[in-house]
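The values are calculated or read from the model by the stated rules, or taken from the named source; none is laboratory data. The shown structure was predicted, so the numbers you read here are calculated from the model rather than taken from an experiment. No Cβ is skipped: glycine too gets one built from the backbone with ideal geometry, and neighbour counts run over all protein chains shown.
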Amino acid sequence: MIRVDERLLESLAKDKDFNAQACFNCGTCSALCPMGLGLLPRELFRYVLLGARDRLRELSDVIFSCLLCRLCEANCPRGVRITHNIRTLRSYLVKDEYRIL
Amino acid sequence: MEAKIGVFICYCGGNISDYVDCEKVREAVSKEPGVVVAKTFMFTCSDAAQEEMIADIRQKGLNAIVIASCSPKLHLETFRNMARRAGLNPYTYVQVNIREQCSWAHTHHKEAATRKAIRLVRAGIAKARLSVPLEPIKVKTTPAVLVVGAGVAGMKAALALADMGLEVHVVEREKAAGGWVKEWARVFPSGRPGEELINTLLKGFEERKNIHLYLETEVVEKRGSVGQFQVRLKGPQREQEVEVGAIVVATGFSPYVPKEGEFGYGASGVLTLQEFHALLKRGIEGRFVYAGREIKNVAFIYCVGSREKEERTFCSRYCCTAAVYLGLLLAETYPEVKQFHFYRDMRTYGKYEIFYHNCLEKGAIFLRFEPPDVPKVEVAGERFFIRVKDRLTGGEEVEVPADLVVLVTGMGLGPNENLVNVLKLPVGKDGFFNEVHPKLRPVETVIDGLFIAGACQGPKNIAESVTSGLAAAAKTGALLLQKELRLEPLVAHVLKERCTGCGECVAACPYEALSLKEEDGKHIASLNPALCKGEGACVPVCPEEAIEIWGYGHEQIRSMIQGLCKEEL
């Protein structure tokens with residue numbers, strides 16, 4: 001079960017450019033991803049939106065495998081800033097979860 | 001008077017003549033008693049054919065005509081008008097349907113189709129022979145209207161009717177006008193408080209001398225019929241009677257009230273949509289607080305009391321947009337408050353789609369459920385945990401913490417038994433009042449002069465209620481601004497010398513058009529022709545054959561049967 005983590009939601013809300021909520025699950029990004037990542041952007045964003053903190057930790061490999069090529073972003077019909085969002089997630093994982101910085 | 005009948009048979013450009021030998025039909029019926037002229041035409045409905053028939057009526061002095069063509073649904077009025085132009089009473093015209101009921105039905109058997117057509121036309125001739133000229137029933141109209149319910153639909157209807165110059169009596173059960181709209185904090189799409197909207201309308205009431213508003217008043221009795229109703233109103237102090245030509249019912253809806261425990265309802269912090277409006281209306285200053293606790297997360301659960309399996313199967317239409325719109329307002333006032341919307345299908349139709357997108361962009365989170373996996377609300381002290389299988393996350397179970405749960409409750413029809421009984425309102429399966437035709441006659445009822453408007457006819461938002469109120473006003477105006485109504489004369493009539501006053505017909509009539517009255521010392525059935533629809537429930541129950549429908553008299557029907565069964569062809 002996914003437990004919605006309010007702290008994660010609050011942390012992401014601080015980033016005004018993070019706009020995963022605009023996603024309406026069409027799957028264009030998934031079809032275009034050259035990495036064929038095990039987890040697709042829309043699924044990842046869904047977890048992020050829900051504040052599924054445990055999932056995010058489990059999925060850190062995927063989050064760091066993204067090429068940031070922006071093929072998905074250029075074609076997103078809802079204007080989701082996918083690569084920016086991925087960077088925000090990386091920064092969240094590094095700062096808030098692994099406390100490396 | 002000797003019958004002089006003209007019979008005109010239509011080829012319908014092959015639709016009939018490909019299967020029915022029209023010339024053979026003409027020959028067979030031309031010798032029928034009373035037939036003066038029998039002709040065939042390629043299209044009887046064409047101008048040329050109509051002119052020729054008119055010439056025949058005039059030159060040969062016809063007093064009845066039979067046209068064997070299509071369904072009277074299509075051309076009854078066409079040919080009645082033609083008869084009128086020829087100076088013939090339109091009710092001495094008989095239409096025989098040899099297309100839908102003969103040629104099209106028997107394309108596989110032409111010879112039998114022709115035989116059937118001959119019999120049908122003979123029956124038509126038999127009917128025409130005994131036809132009597134009829135005049136429309138004339139009813140003087142009272143230039144006044146009763147509007148039941150002073151919600152947004154009723155108020156708009158009243159204003160429109162007043163501007164047509166009619167006297168308008170508006171009856172409201174509650175202590176104040178304005179209905180539910182008055183209770184709403186902010187309404188889409190303008191964002192204005194509902195009360196403001198109502199005050200504008202109330203100002204319009206004050207400015208017009210011909211609107212009379214009766215508060216805390218109910219309708220207790222109705223007599224009369226279209227054009228001339230007498231209605232008794234019971235107010236807080238006294239009863240009074242008003243004379244009106246038509247009635248507009250705009251009694252609105254009752255919001256669905258969840259059962260105790262349904263989605264946690266009953267616990268402090270679980271509100272219906274109406275209660276949430278009341279909370280917003282009281283005004284929240286500074287922090288978002290309910291019952292002394294600060295609200296950080298709000299959960300909206302949609303489709304509560306709508307789209308259910310057995311009862312309440314309808315969609316309440318307005319609630320998706322209302323909830324999304326309130327969510328949007330909430331996000332603007334309290335951007336830090338997180339919102340979770342548990343919905344089944346997002347029905348922010350038409351122009352309201354923008355609110356859904358804006359609400360998404362404001363960061364509200366939408367989770368989609370599908371019955372039977374509906375959200376489960378767990379009450380944990382002052383907080384709630386809502387669990388749902390979220391379809392947008394591939395059906396994974398998600399648990400959401402919330403401080404306030406808003407149940408997005410739908411519409412239903414309120415307790416209106418008295419009104420339904422007094423006005424004989426037609427009630428549908430869902431409990432809403434029934435229109436005659438959902439697309440083409442949306443504000444009329446089966447009772448002439450009785451109109452329905454707004455959410456009492458089915459769930460509607462404010463804009464739709466107003467549209468429907470104005471539509472009802474237009475239909476009412478079109479009726480009453482004619483100083484005199486002309487009604488179809490094909491109604492029942494009582495043969496007084498035969499009637500024994502047994503009352504069987506009175507009980508059989510679904511329109512209450514018949515009653516027993518004393519006449520020359522005996523009780524006999526008496527008809528209000530303005531209420532009669534001529535549907536004939538009274539005719540077969542009469543043991544004395546003392547009641548019949550004009551145009552369908554006993555003798556006429558018997559001679560039609562003779563015509564149908566006549567053996568030589």
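Scanning the stretch B:456-481 for residues that are among the basic types (Lys, Arg) and either more than 16 Å from the chain's Cα centre (by Cα) or outside any loop (DSSP other than H, G, I, E, B) (or both) gives a single hit, B:Lys475. Test A:Asp96 against the stated conditions and say whether it is surrounded by fewer than 20 Cβ atoms within 10 Å (Cβ to Cβ), touching a Gly at 6+ places or on another chain (Cβ under 9 Å), of a type in the set (D, E, K, R) and assigned to a helix (DSSP H, G or I). No, not satisfied. Where strands (runs of 3 or more DSSP E) sit wholly within the stretch B:70-165, those with at least 2 residues that are closer than 30 Å to B:Thr200 by Cα occupy B:144-148.
Checking each residue in the stretch B:399-416 for being within 14 Å of chain A (Cβ to nearest Cβ), in contact (Cβ under 8 Å) with a residue 60 or more places away in the chain and not aliphatic (A, V, I, L, M) picks out B:Pro401, B:Asp403. Give me the residue from the stretch B:290-311 that is closer than 28 Å to B:Phe253 by Cα and within 14 Å of another protein chain (Cβ to nearest Cβ) and, out of that set, surrounded by the most Cβ atoms within 10 Å (Cβ to Cβ). Selected residue: B:Ala299.
Of the helices (runs of 4 or more DSSP H) lying entirely inside the stretch A:1-81, those containing at least 2 residues that are touching a residue at least 40 places away in the same chain (Cβ under 8 Å) and within 17 Å of B:Gln339 (Cβ to Cβ) span A:6-13. Among the residues of the stretch A:43-54, those identified as at the interface with chain B (Cβ under 9 Å from one of its Cβ atoms) and out of contact with any Ser or Thr (no Cβ under 6 Å at 6 or more places or on another chain) are A:Glu43, A:Tyr47, A:Leu49, A:Leu50, A:Gly51, A:Ala52.
Residue check: B:Thr142 meets all listed conditions (1) out of contact with any strand residue (DSSP E or B) (no Cβ under 8 Å at 6 or more places or on another chain); (2) hydroxyl-bearing (Ser, Thr, Tyr); (3) surrounded by fewer than 20 Cβ atoms within 10 Å (Cβ to Cβ) but one, namely (1). Pairs meeting the criteria (first residue in the stretch B:6-20 and under 21 Å from B:Ile65 (Cα atoms), second residue among the β-branched types (Val, Ile, Thr) and assigned to a loop (DSSP other than H, G, I, E, B), beta carbons under 7 Å, at least 6 apart or on different chains) are B:Phe8/B:Thr44; B:Cys10/B:Ile16; B:Cys10/B:Thr44; B:Ile16/B:Ile98; B:Val20/B:Ile98. The criterion of at least 2 residues that are within 24 Å of B:Leu329 (Cβ to Cβ) and of a type in the set (A, V, I, L, M, F, W, C) is met, among strands (runs of 3 or more DSSP E) falling completely within the stretch B:200-285, by B:270-272.
The residue pairs whose first member lies in the stretch B:349-363 and is free of Cβ contacts under 8 Å to residues at least 40 places away in the same chain, whose second member is aromatic (Phe, Trp, Tyr) and outside any helix (DSSP H, G or I), and whose beta carbons are closer than 7 Å, counting only pairs six or more residues apart or on different chains, are B:Leu360/B:Phe366.
Looking at this structure, is B:Ser46 crowded, with 20+ Cβ neighbours inside 10 Å, at pLDDT 95 or above and over 25 Å from B:Glu567 (Cβ atoms)? Taking the combined requirement at face value, the residue does not satisfy it.
Anything in the stretch A:1-11 that is facing chain B (nearest Cβ under 9 Å) and closer than 21 Å to B:Ala331 by Cβ? List them, or say none. Residues satisfying the conditions are A:Val4, A:Glu6, A:Leu9, A:Glu10. Residues in the stretch B:436-454 that are assigned to a strand (DSSP E or B) and free of Cβ contacts under 8 Å to residues at least 60 places away in the same chain: B:His437, B:Arg441, B:Glu444. Residue check: is B:Glu239 over 30 Å from B:Thr92 (Cα atoms), touching a residue at least 24 places away in the same chain (Cβ under 8 Å) and charged (D, E, K, R)? The answer is no for B:Glu239. The residues of the stretch B:231-240 that are within 24 Å of B:Ile447 (Cα to Cα) and more than 22 Å from the chain's Cα centre (by Cα), listed by number, are B:Arg232, B:Leu233, B:Lys234, B:Gln240. Is there a residue being within 14 Å of another protein chain (Cβ to nearest Cβ) and surrounded by fewer than 16 Cβ atoms within 10 Å (Cβ to Cβ) anywhere in the stretch B:326-335? So far as the stretch B:326-335 goes, yes, one or more of its residues are within 14 Å of another protein chain (Cβ to nearest Cβ) and surrounded by fewer than 16 Cβ atoms within 10 Å (Cβ to Cβ).
Residues of the stretch B:267-302 that are farther than 18 Å from B:Thr321 by Cα and touching a Leu at 6+ places or on another chain (Cβ under 7 Å): B:Gly269, B:Val270, B:Leu279, B:Tyr290, B:Ile295. The residues listed here are B:Glu504, B:Glu484, B:Glu497; of these, the one that is over 23 Å from the mean Cα position of the chain (by Cα) and within 30 Å of B:Gly165 (Cα to Cα) is B:Glu484. Tell me yes or no: at least one residue of the stretch A:6-21 is out of contact with any Asp or Glu (no Cβ under 9 Å at 6 or more places or on another chain), surrounded by fewer than 18 Cβ atoms within 10 Å (Cβ to Cβ) and modelled with pLDDT of 85 or more. The answer is yes; a qualifying residue exists.
The residues of the stretch B:349-398 that are more than 19 Å from B:Lys338 (Cα to Cα), at the interface with another protein chain (Cβ under 9 Å from one of its Cβ atoms), surrounded by fewer than 17 Cβ atoms within 10 Å (Cβ to Cβ) and acidic (Asp, Glu) amount to a single one, B:Glu397.
Pairs meeting the criteria (first residue in the stretch B:242-257 and on the phi > 0 side of the Ramachandran plot, second residue surrounded by fewer than 24 Cβ atoms within 10 Å (Cβ to Cβ) and modelled with pLDDT of 95 or more, beta carbons under 7 Å, at least 6 apart or on different chains) are B:Gly252/B:Trp180.
Taking the criterion of being touching a Cys at 6+ places or on another chain (Cβ under 8 Å) and over 19 Å from B:Gly394 (Cβ atoms), the only residue of the stretch A:39-71 that qualifies is A:Leu71.
Results for (1) more than 14 Å from chain B (Cβ to nearest Cβ); (2) not small (Gly, Ala, Ser), shown as yes or no for each residue.
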| position | (1), (2) |
| --- | --- |
| A:Cys33 | yes, yes |
| A:Leu56 | no, yes |
| A:Arg70 | yes, yes |
| A:Ala74 | yes, no |
| A:His84 | yes, yes |
| A:Arg87 | yes, yes |
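All conditions in (1) within 11 Å of the chain's Cα centre (by Cα); (2) at pLDDT below 95 hold for B:Phe451, with the sole exception of (2).
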